[in-house]
Amino acid sequence: MYLIRLTLVLAAVALGGCKKLFPDYRTRTSYFRNPVSGSLPDSLLTCVTYNIQLGFRDGQDPWDATQKGGSAAQLDSIARVLSRVKPDIICLQEVPRNRSNSATQDFTEQLAARLHMNYAFGAHAHNEPRGVQPPKGEWGNAILTRFTINSIENHENEYVSKWRRRSILAAEILVGSRPVRVYSLHFDPLPTAAATAATYFQERQDEAQLILGDFNMFEVHELPSTKYADVLNTFSPPFISVDRIYFSVGRFKTRSVDFIPHSVGVSDHPAVYCRLAWQ
């Protein structure tokens, strides 16, 4: 009997040890920090969306375990790109956290420190270069801002498998005395992605909303034009990009929209920015 009990105990310990080797795909890391005091808003709100390709430059392959990204120099390059437009709110996609081929493990924190901003991060799932086991790193979305972040939600929008999961990071940001709901997203190009997200956004349609990200589509018909304005279609001819910005109708008015110069090369995507006025 003693030997049977001892065997069971040892088996339980072994299983516990094995569980620690492999990630729990039911959990996704999400957090926010306010290391800087919230700033007062200007007359215009400058918003940016930028897919940073896991901290790798254009032409590099973040899925190749032999290639290294996320260096201090790359962080500096991304910070320089973003600083050119003096942003108030930045939504980032393909943000690495603890990936094995990233020189910087706390990528969001280091970039926010360079820009003197508050920050939030929300993971899609565990993520590593091809062949790396067990996968301990993650990738996801981030929101950086010079305003105070009140709260966040990391909402799962798409689930195909443990390897194909996408989340939407939502943050309530206090812009002066006005709360604004900001979303950073990166759709897997599935036919249901936009419709599922539109339902989620409209749960809070009475709030001021800013929706930024890599939609992996050039138009998002699922966001009704009576409720959401497409910043890239404000002017003629419209801007063509999968990286897009929307806001809730009646809350803001677009003053300008453009691509940040020299953002392609630092990443494989352009950084898109706009300046909005309150209505």
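The values are calculated or read from the model by the stated rules, or taken from the named source; none is laboratory data. All values derive from a computational prediction rather than experimental measurement. As a convention, Cβ positions derive from the backbone with ideal geometry for all residues, glycine included, and neighbour counts pool all protein chains shown.
Being buried (at least 20 other Cβ atoms within 10 Å of the Cβ), at pLDDT 95 or above and of a type outside the set (S, T, N, Q): is that true of Ala229 here?
Yes.
When you go through Phe239, Phe201 one by one, which is the residue that is in contact (Cβ under 8 Å) with a residue 12 or more places away in the chain, part of a helix (DSSP H, G or I), aromatic (Phe, Trp, Tyr) and within 28 Å of Ser43 (Cβ to Cβ)?
Exactly one residue qualifies, and that residue is Phe201.
Which of the helices (runs of 4 or more DSSP H) contained wholly in segment 1-115 include at least 3 residues that are surrounded by fewer than 14 Cβ atoms within 10 Å (Cβ to Cβ) and at pLDDT below 95?
Filter on segment 1-115 gives 2-21.
Sort out which residues of segment 181-198 are in contact with a strand residue (DSSP E or B) (Cβ under 9 Å, 6 or more places away or on another chain) and either farther than 18 Å from Leu223 by Cα or assigned to a loop (DSSP other than H, G, I, E, B) (or both), and write them in order of number.
Listed by number, the residues that qualify are Phe187, Asp188, Leu190, Thr192.
Here are the criteria: (1) in contact with a Lys or Arg (Cβ under 6 Å, 6 or more places away or on another chain); (2) touching a residue at least 60 places away in the same chain (Cβ under 8 Å); (3) of a type in the set (S, T, N, Q). Tell me which single one Gln74 does not satisfy.
For Gln74, the exception is condition (1).
Working carefully through the options Ile173, Ile168, find the one that is touching a strand residue (DSSP E or B) at 6+ places or on another chain (Cβ under 6 Å), buried (at least 21 other Cβ atoms within 10 Å of the Cβ) and free of Cβ contacts under 8 Å to residues at least 60 places away in the same chain.
Ile168
Inspect segment 106-129 for any residue being in contact with a Ser or Thr (Cβ under 9 Å, 6 or more places away or on another chain), more than 23 Å from Asp188 (Cβ to Cβ) and of a type in the set (Phe, Trp, Tyr) and give the result as yes or no.
yes
What pairs come out if I take residues in segment 80-107 that are free of Cβ contacts under 8 Å to residues at least 60 places away in the same chain and closer than 18 Å to Ser39 by Cα and pair them with residues that are crowded, with 24+ Cβ neighbours inside 10 Å and polar (S, T, N, Q) whose C-beta lies under 9 Å away, six or more apart or interchain?
Between residues of segment 80-107 that are free of Cβ contacts under 8 Å to residues at least 60 places away in the same chain and closer than 18 Å to Ser39 by Cα and residues that are crowded, with 24+ Cβ neighbours inside 10 Å and polar (S, T, N, Q), the close pairs are Ile90/Thr49; Ile90/Thr145; Ile90/Ser184.
All but one of (1) surrounded by 21 or more Cβ atoms within 10 Å (Cβ to Cβ); (2) part of a strand (DSSP E or B) hold for Glu158; which doesn't?
Here Glu158 clears every test but (1).
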